[in-house]
1. With a 10 Å cut-off between alpha carbons and a GNM built on the chain, which of ILE48, ILE93, ILE63 moves the most?
2. Counting only GluC sites (Glu not before Pro) that sit in a DSSP loop (anything but H, G, I, E, B) with at most 16 other Cβ atoms within 10 Å, what is the longest stretch of the chain containing none of them?
3. Which one of VAL36, ALA64, PHE84 is farthest out on the positive end of the charge dipole of region 2-113, using unit charges on Cβ (Lys, Arg +1; Asp, Glu -1) and the Cα centre as origin?
4. Evaluate the relative contact order of the chain (contact order divided by residue number), counting alpha-carbon pairs under 8 angstrom at least 6 apart; express in whole percent.
5. Calculate how large, on average over all directions, the projected area of the Cα convex hull of the chain is; give the answer in nm² to one decimal.
6. Residues with beta-carbon under 14 Å from that of LYS2, excluding LYS2: net charge, scoring Lys, Arg +1 and Asp, Glu -1?
7. Count the net charge of all other residues whose Cβ sits under 13 Å from the Cβ of LEU13, scoring Lys and Arg as +1 and Asp and Glu as -1.
Amino acid sequence: MKFEELSEFEKDLKKLLKRFRTLEDDLKVVKQVLAVAPDARPPFSYEIDGLGLSTCVIKVKKIACKALKGKGSNTGLRLVYARFEQEEKIILIELYYKGDKENEDRERIVKHLK
């Protein structure tokens, strides 16, 4: 499975790394899991509906972050990615902290996947 990151995702990551120092390592674990099982697996992740895209866009709700010790995996970190089954590719679209932002940026998703 190949992983690509949007430039906006890289900015999100850089900004969040200042607050959550272990995030890079935590993302490596998430990527290992996604390489084996990229499908949506409720309640950990689910497909985002209503985008009008043929691509499968999935939001991961439960990301274990060591920097958020004692808060569990349902900490508030969210990851949005698009899965391309034929190309065996995943594009990381957005990473955010739920305390800063309630929902995913649907405009960003549609802009990059249309």
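Values in this text are rule-based calculations from the coordinates and carry no lab data. None of the values given here were measured: they were computed from a predicted structure. FYI the Cβ positions are ideal-geometry reconstructions off the backbone, even for glycines, and counts take in every protein chain you see.
1. Maximum among the listed residues: ILE48.
2. 1-84
3. Selected residue: ALA64.
4. Reported as a whole number, the value is 29 percent.
5. 6.8 nm²
6. That works out to -2.
7. +1
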